[in-house]
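This report refers to the structure that appears directly beneath it.
The values are calculated or read from the model by the stated rules, or taken from the named source; none is laboratory data. Small disclaimer: the values here were computed from a predicted structure and weren't measured. Heads up, the Cβs are rebuilt from the backbone with ideal geometry, glycines too, and the neighbour counts pull from every protein chain shown.
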Amino acid sequence: MFYVINYYKKLEIKGFKGEKAVFVASDDPNALRELSDKYKDFKFKDKSFYFDKSEIDETKRTANNLLHTIFDIHFLSRSNFLVCTMTSNVRKKI
């Protein structure tokens, strides 16, 4: 969140007064709640508005799982600023 906070501070210097929104692409069901509890002045969004996370079957390559991945990629690509880690569950299982 360090980089997100700095990003919005720079925007505020330029006169930004809008909503501080952050899209969270995480499979951790607790991530959104923890972020919301810790950073009250930000609005955190994820794909749960569109999808039920219980629909994801982590053991299979399904069209539904692909749709979830494409959804995350689409919204991340539309972001003004991206902060991410170098880990992912998108991989080929042997």
Could you list, ordered by first residue, the pairs with Cβ atoms under 8 Å in which the first is in region 61-72 and within 15 Å of Ser48 (Cβ to Cβ) and the second is of a type in the set (A, V, I, L, M) and at pLDDT 75 or above, at least 6 apart or interchain? Asp72/Ala25
Any pair with Cβ under 7 angstrom, 6 or more apart, that starts in region 7-33 at a residue that is at negative phi and ends at one that is surrounded by 12 or more Cβ atoms within 10 Å (Cβ to Cβ) and of a type in the set (Phe, Trp, Tyr): Tyr7/Phe81; Lys20/Tyr8; Lys20/Phe42; Val22/Phe42; Val22/Phe44; Phe23/Phe75; Val24/Phe44; Leu32/Phe44
For residues that are modelled with pLDDT of 85 or more and touching a Lys or Arg at 6+ places or on another chain (Cβ under 7 Å), scanning just region 25-57, find the one that is surrounded by the most Cβ atoms within 10 Å (Cβ to Cβ). Phe42
Residues in region 8-17 that are closer than 19 Å to Phe75 by Cα and not hydroxyl-bearing (Ser, Thr, Tyr): how many? 0
